[in-house]
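Structure, as structure tokens:
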Amino acid sequence: QVQLVESGGGLVQAGGSLRLSCAASGSIFSSNNVGWFRQAPGKHREMVAILYRGGGTDYADSVKGRFTISRDNAKNTVYLQMNSLKPEDTAVYYCNKWPANSIYWGQGTQVTVSS
């Protein structure tokens with residue numbers, strides 16, 4: 001079974017940037033849609049960004065123009081470049097296929113944005 005491992009989170013001031021990585025133990029990203037999700041304390045997990053197999057993308061309205069999803073098929077890795085971070089972006093970030101499959105949820109990576 002393919003495992004997904006997220007990394008790159010941390011503490012950053014508002015207006016700063018982070019790049020998250022999601023490494024897969026197998027080659028699932030090249031043949032599937034993939035998404036980044038996040039869950040803030042007390043809230044449901046929500047979709048942040050989707051990268052379709054054909055290369056198209058979708059973003060949550062709250063991150064449009066600030067976040068960019070990309071992938072490196074050779075490295076079996078998906079990235080989320082996050083710019084102009086806001087305190088409301090504070091959450092645990094996860095990657096998964098799109099639509100999400102429960103067997104692929106990993107530990108996530110914590111992103112904390114201070115004001």
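Could you please find all residues in the stretch 80-91 being open to solvent by 30 Å² or more (accessible area, probe 1.4 Å) and in contact (Cβ under 8 Å) with a residue 60 or more places away in the chain?
We begin by selecting, within the stretch 80-91, every residue open to solvent by 30 Å² or more (accessible area, probe 1.4 Å); these are 81, 83-84, 86-88, 90.
Listed by number, the residues that qualify are Gln81, Asn83, Ser84, Lys86, Pro87.
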Considering only residues of the stretch 46-75 that are closer than 24 Å to Gly26 by Cα, assigned to a loop (DSSP other than H, G, I, E, B) and more than 14 Å from the chain's Cα centre (by Cα), which is modelled with the highest pLDDT? Gly56
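From the list Ile103, Ile69, pick out the single residue that is in contact (Cβ under 8 Å) with a residue 24 or more places away in the chain, touching a strand residue (DSSP E or B) at 6+ places or on another chain (Cβ under 7 Å) and of a type in the set (Val, Ile, Thr).
Details: Ile103 fails: touching a strand residue (DSSP E or B) at 6+ places or on another chain (Cβ under 7 Å).
Of the residues listed, the single one that is in contact (Cβ under 8 Å) with a residue 24 or more places away in the chain, touching a strand residue (DSSP E or B) at 6+ places or on another chain (Cβ under 7 Å) and of a type in the set (Val, Ile, Thr) is Ile69.
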Could you go through the stretch 62-70 and let me know if any residue there is out of contact with any Phe, Trp or Tyr (no Cβ under 9 Å at 6 or more places or on another chain), within 18 Å of Leu11 (Cβ to Cβ) and of a type in the set (Ser, Thr, Tyr). no
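The values are calculated or read from the model by the stated rules, or taken from the named source; none is laboratory data. All values derive from a computational prediction rather than experimental measurement. Positions of Cβ are backbone-derived with ideal geometry, glycine not excepted, and every protein chain shown enters the neighbour counts. Accessible surface areas use protein heavy atoms only, side chains included; no ligands, DNA or RNA. Shrake-Rupley method; radii C 1.70, N 1.55, O 1.52, S 1.80 Å.
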